[in-house]
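Asks: Below you'll find the structure I mean.
The values are calculated or read from the model by the stated rules, or taken from the named source; none is laboratory data. For clarity, every value in this text was computed on a predicted model and none was experimentally measured. Quick reminder, even Gly has a Cβ in these numbers, built from the backbone with ideal geometry, and neighbours come from all protein chains shown.
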Amino acid sequence: MHIVVLNRCYPPEVGATGRVIRDLARVWARHHRVTVLTGRPSDGPERHPYYLLRREMDGGVFVERVGSTAFPRRHMAGRLADYLTYMVLAFVRGLFLRPKPDVVVAMTDPPLASLVGVLIGKIRRVRYVYNIRDLHPDMAVAAGIAPNGWFVRLWESVHRWTLRQADRVVVLGEDMRDRVVAKGVAPERVAVVWDGAPKMGPPPDGDSHPVVGALRDGFSFVVMYAGNMGWAGAWDSLLIALMRCREPGLGFVFVGDGSMRPRIEQRINGQPNVRMFPYFPEADLPYVLSAADLHVVTLRRGLEGLVIPSKVYSILMVGRPILAVVPEASEVARIVREHRCGIVVDPDDPEAIRQAILWARDHRDALREMGERARRAGERFDRAVLAEQLLQEVTGDGVLRYADSRSRERGYLA
């Protein structure tokens, strides 16, 4: 089969979604021809000159980059330009792609990539699968980015139409599945396949590695946030808690970038127990994650089921406990509680966050046990295995039946 994947972000862009799609596509390419129809990188170490179309090969995957704009994602106007130019050019390219696709898989970067997927699928008369990674426009409204007016109503109407046209809708968690079913999609047409993470463990030389040394320098206990600092996080509560934690040896480390990083830097304002680093090279990820005693995963209230932070799976892989500053109904809270691999805290309660951090610092044995349970839980979220499961949903070979919104029977993988 020829599988075409639509997503604007793809490495060398540093966004987590691009790396996930690269990993999925490389697994699928072992069985089928896979083409990723993507755009020019807008964030990260590599910039491309303008071109109308550029072809690459990446781990057996055919990568076709259309000449979308590449403005930094911190500015909304530039981001919208990137989205619109990508959608137009990807649609045109998708109509003439050879060999003819057998299935089109639309992701959610940009948020209406599903519309491009539907149109290509209908015009070329091929199977269309919608893999929802962030649920829009709900997410934009809940985060305060888009006012709930006529534009959002139109957006929602178009989005629901694209949902109804999909041969299969695949989501990242049970909470997201509930949201999609509530929009009128038949439950039997919605499958849950987690993102997972590449299989890795704590590096054997972690304690002596220079990356670990740079991140832990002078701190006896490190609380880390590593990844995209976007507007989905409960930053106000988290930063208030950090400002109240001034105990000696207790350090907070932020690694990454995103639209909220300038605001976070402004709030920190040189506080000596808080440090900020840019993204490290991908090869250093196990060392970055292993440098922390406790990892923060955060999600604002109201965003449960709309976005699922993929960083949680990498943290599990390296066997580190999680401070989940998330709503109780979220997929992250469910994972942490089910596997007893961390602490779940109300994202609107800064004092509870502070107390959880201090408890973790003072209970190292309990924290080590949580880390070991995290490592065992990580074995369930091997991205290569989950990519095979997702492939069967994409190609139509998968079977996924639900007794209700909280129970599932997986029949597509022994």
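Asks: Here is a list: 153, 179, 164. Which entry is touching a Gly at 6+ places or on another chain (Cβ under 8 Å), without any contact (Cβ under 8 Å) to a residue 24 or more places away in the chain and outside any loop (DSSP other than H, G, I, E, B)?
Replies: 164
Asks: Same structure again: Give me the strands (runs of 3 or more DSSP E) completely within region 1-58, filtered to those with at least 3 residues that are surrounded by fewer than 21 Cβ atoms within 10 Å (Cβ to Cβ), ordered by residue number.
Replies: 53-58
Asks: Next up: Count, please, the residues in region 76-110 that happen to be in contact with a His (Cβ under 8 Å, 6 or more places away or on another chain) and either in a helix (DSSP H, G or I) or surrounded by fewer than 18 Cβ atoms within 10 Å (Cβ to Cβ) (or both).
Replies: 3
Asks: If you don't mind, another one. Give 214, 234 a once-over and let me know the one that is among the small types (Gly, Ala, Ser), surrounded by 21 or more Cβ atoms within 10 Å (Cβ to Cβ) and out of contact with any His (no Cβ under 9 Å at 6 or more places or on another chain).
Replies: Just one listed residue meets the conditions, 234.
Asks: What number goes with the only condition from (1) at pLDDT below 95; (2) among the aliphatic types (A, V, I, L, M); (3) over 16 Å from the mean Cα position of the chain (by Cα) that residue 16 does not pass?
Replies: Result: residue 16 passes all but (3).
Asks: Right, here's the next one. Is one or more of the residues making up region 128-144 assigned to a loop (DSSP other than H, G, I, E, B), more than 19 Å from the chain's Cα centre (by Cα) and under 27 Å from residue 260 (Cα atoms)?
Replies: Yes, that holds for at least one residue.
Asks: Which residue out of 361, 376, 354, 340 is in contact with a helix residue (DSSP H, G or I) (Cβ under 9 Å, 6 or more places away or on another chain) and on the phi > 0 side of the Ramachandran plot?
Replies: One residue alone meets the criteria, 340.
Asks: Moving to a separate point now. Does any residue in region 245-261 that is assigned to a loop (DSSP other than H, G, I, E, B) come within less than 8 Å, Cβ to Cβ, of a residue that is surrounded by fewer than 18 Cβ atoms within 10 Å (Cβ to Cβ) and small (Gly, Ala, Ser) six or more places away or on a different chain, and which pairs are these?
Replies: 249/220
Asks: Based on what the data block shows, is residue 139 in contact with a strand residue (DSSP E or B) (Cβ under 9 Å, 6 or more places away or on another chain), farther than 30 Å from residue 4 by Cβ and touching a residue at least 24 places away in the same chain (Cβ under 8 Å)?
Replies: no
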